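Notes follow the structure.
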Amino acid sequence: MHVLIVGGGVVGLACAHALADRGAEVTVCEAGTLGGGSSGRAAGGIRTQFSTRVNVELSLSSIPVWESFDDEFGVDIDYRRPGYLFLARTEETAAAFRKNVEMQTDAGAPSRLLDPDEAREYVPELRTEQFVAATYSPADGIADPHSAVQGYVEAVRSMGGDIRSNTPVTGLSREGEDSDSDGEGWRVETPDETIEVDAVVCAAGAWTKRVAALADIDLPIAPRRRQIAVVEPDGDLPEDAPLTIDLDTGSYFRPERDDTAIVGGHFAEEDPDVDPDRFDESMDIEWAVEATERANDCAAYFGPETKIRNGWAGLYAVTPDHHAILDEVAPGFVVAAGFSGHGFQHAPATGEAVADRCLGENECEVDVSALSAARFESGETLTEQNVA
Ligand SMILES: Cc1cc2nc3c(=O)[nH]c(=O)nc-3n(C[C@H](O)[C@H](O)[C@H](O)COP(=O)(O)OP(=O)(O)OC[C@H]3O[C@@H](n4cnc5c(N)ncnc54)[C@H](O)[C@@H]3O)c2cc1C
């Protein structure tokens, strides 16, 4: 079985790894540099605190891979677990927190509901008066996406996988479509050659709609610009403070190395599509000022003396219900995209689910049937409340 993966980000590489590990021949075609898409721009967050079971299970199934990555892949991904702290300002959000914690613990995640004063144990300068509830999970943490990409690349190559950078896929057709043959595979065009394979995995992140269109497949995945700022807090943010999300405003922060912190969030009402080949990759300073002020409104670490050091923008690949599409959308054409901001952390389990689809196996412990593309036509969409 020869599978060609379109996209050399963390998702495509995790798919290549799972497939090669099960004996498939793999070719990865990456238009630019490996990890040079959204994977190299992620905040590295890995959490179990989602509001749908499938997202929680994708995390729970991926975490053992992150835990043992150093041993298994020989690359240190700097995996740390300071936890995630979610904060609610409204009773409606607090009610959702109660439901979510029940579901998360039932799935096996060690989440806990806290009152705002208890949350101070993790974030001492939290401005508790404006919050009504919090949730915390010690299973949640962060890792370095660049190193994860590097680990996957080396492992896939060591298993004989063919990984090509600067190799855009420019055409996709079913074998037999434009000839008299009745083959069942796919013909993949790059500027240099045509490659005939048994199956294609589309893991092109924010470019997925364009890549799928090459095969005449329409997918509801839109590129959305998201920013991160690295700041020097003026308060004493503990090094082991959790990634803290003020869910009702979308603002978040977490400590970073060398006494810096990351602040983020998306505050614009309008969220226009952007051209993934021509978007502004730099951080807007007005946005960074607002993100810092919002972080300071949540916890007193980011006052007027806070320095904004640098930052960047990248793309989320967003579906209408903020869940990925993990599905064989045409015979031999499997999509793993639309992670809506969670693709780094879900990459290992996604690789297993995709390998199942390609090879007709049933190894992945997560039931991903809820992530079919057909849900957008049938109306059986999901709702993820914990979106940041
Ligand atoms: C600011 C920001 C913060 C984030 N924080 C987190 C986080 O904390 N935790 C988390 O889990 N996720 C986070 N994400 C989301 C995460 O980055 C993505 O979900 C994840 O990287 C998706 O990986 P991917 O491999 O699908 O996409 P990508 O890394 O974008 O890879 C897709 C690749 O496809 C390639 N490609 C496109 N067209 C073609 C073509 N025609 N032929 C060949 N290749 C092609 C692109 O060049 C690209 O490299 C964040 C994203 C951003 C922007």
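Would you confirm, using the coordinates I've provided, whether R81 is under 25 Å from R257 (Cα atoms), in contact (Cβ under 8 Å) with a residue 60 or more places away in the chain and touching a strand residue (DSSP E or B) at 6+ places or on another chain (Cβ under 7 Å)?
Values: under 25 Å from R257 (Cα atoms): yes; in contact (Cβ under 8 Å) with a residue 60 or more places away in the chain: yes; touching a strand residue (DSSP E or B) at 6+ places or on another chain (Cβ under 7 Å): yes.
Yes; evaluated as a whole, the condition is true for this residue.
Within the group V10, V28, V56, which residue is more than 30 Å from V263 (Cα to Cα) and open to solvent by less than 10 Å² (accessible area, probe 1.4 Å)?
Sole residue among the options that is more than 30 Å from V263 (Cα to Cα) and open to solvent by less than 10 Å² (accessible area, probe 1.4 Å): V28.
State which residue pairs qualify: first residue in contact (Cβ under 8 Å) with a residue 40 or more places away in the chain and on the phi > 0 side of the Ramachandran plot and inside the stretch 296-311, second residue among the polar types (S, T, N, Q) and open to solvent by 50 Å² or more (accessible area, probe 1.4 Å) in any location, beta carbons under 7 Å apart, and separation of 6 or more residues or different chains.
Hits for this filter: zero, empty list.
Taking the stretch 304-315 only, how many residues are closer than 21 Å to S340 by Cβ and open to solvent by 50 Å² or more (accessible area, probe 1.4 Å)?
Of the residues in that region, 1 qualify.
In the stretch 349-365, what residues are open to solvent by 10 Å² or more (accessible area, probe 1.4 Å) and either in contact (Cβ under 8 Å) with a residue 40 or more places away in the chain or of a type in the set (S, T, Y) (or both)?
E352, C358, L359, E361, E363, C364, E365
Hey, Q150 hits all of (1) touching a Ser or Thr at 6+ places or on another chain (Cβ under 9 Å); (2) open to solvent by 60 Å² or more (accessible area, probe 1.4 Å); (3) within 30 Å of A349 (Cα to Cα) but one; which does it fall short on?
(1)
Determine, yes or no, whether S137 is modelled with pLDDT of 95 or more and open to solvent by less than 10 Å² (accessible area, probe 1.4 Å).
yes
List the helices (runs of 4 or more DSSP H) that sit entirely inside the stretch 273-378 and contain at least 1 residues that are under 18 Å from S62 (Cβ atoms) and either within 19 Å of the chain's Cα centre (by Cα) or hydroxyl-bearing (S, T, Y) (or both).
Qualifying helices (runs of 4 or more DSSP H): 343-359.
Can you spot a residue in the stretch 211-219 that is open to solvent by 60 Å² or more (accessible area, probe 1.4 Å), within 10 Å of the ligand (Cβ to nearest atom) and not in a strand (DSSP E or B)?
There is at least one residue in the stretch 211-219 that is open to solvent by 60 Å² or more (accessible area, probe 1.4 Å), within 10 Å of the ligand (Cβ to nearest atom) and not in a strand (DSSP E or B).
Can you give me the number of residues within the stretch 153-180 that are of a type in the set (D, E, K, R) and either open to solvent by less than 50 Å² (accessible area, probe 1.4 Å) or over 30 Å from D216 (Cα atoms) (or both)?
Residues that pass the stated criteria total 3.
Could you tell me which of the residues D277, D297, D258 is of a type outside the set (K, R), within 16 Å of the ligand (Cβ to nearest atom) and open to solvent by 50 Å² or more (accessible area, probe 1.4 Å)?
Working: D297 fails: within 16 Å of the ligand (Cβ to nearest atom); D258 fails: within 16 Å of the ligand (Cβ to nearest atom).
Every option except D277 fails the conditions.
Checking the conditions here, which among A206, A229 is in a strand (DSSP E or B), under 24 Å from G45 (Cβ atoms), open to solvent by less than 10 Å² (accessible area, probe 1.4 Å) and within 12 Å of the ligand (Cβ to nearest atom)?
Sole residue among the options that is in a strand (DSSP E or B), under 24 Å from G45 (Cβ atoms), open to solvent by less than 10 Å² (accessible area, probe 1.4 Å) and within 12 Å of the ligand (Cβ to nearest atom): A229.
Residues of the stretch 1-40 being more than 6 Å from the ligand (Cβ to nearest atom) and part of a loop (DSSP other than H, G, I, E, B), which ones?
Scanning the stretch 1-40 gives M1, R22, G23, A24, T33, L34, G35.
The values are calculated or read from the model by the stated rules, or taken from the named source; none is laboratory data. What you are looking at is a predicted structure, and each value in this text was computed from that prediction instead of being measured. Reconstructed Cβ throughout: ideal geometry from the backbone, glycine too, with neighbour counts over all protein chains shown. For the accessible areas, the whole protein counts, side chains as well, though only heavy atoms, and no ligand, DNA or RNA atoms are used. Shrake-Rupley method; radii C 1.70, N 1.55, O 1.52, S 1.80 Å.
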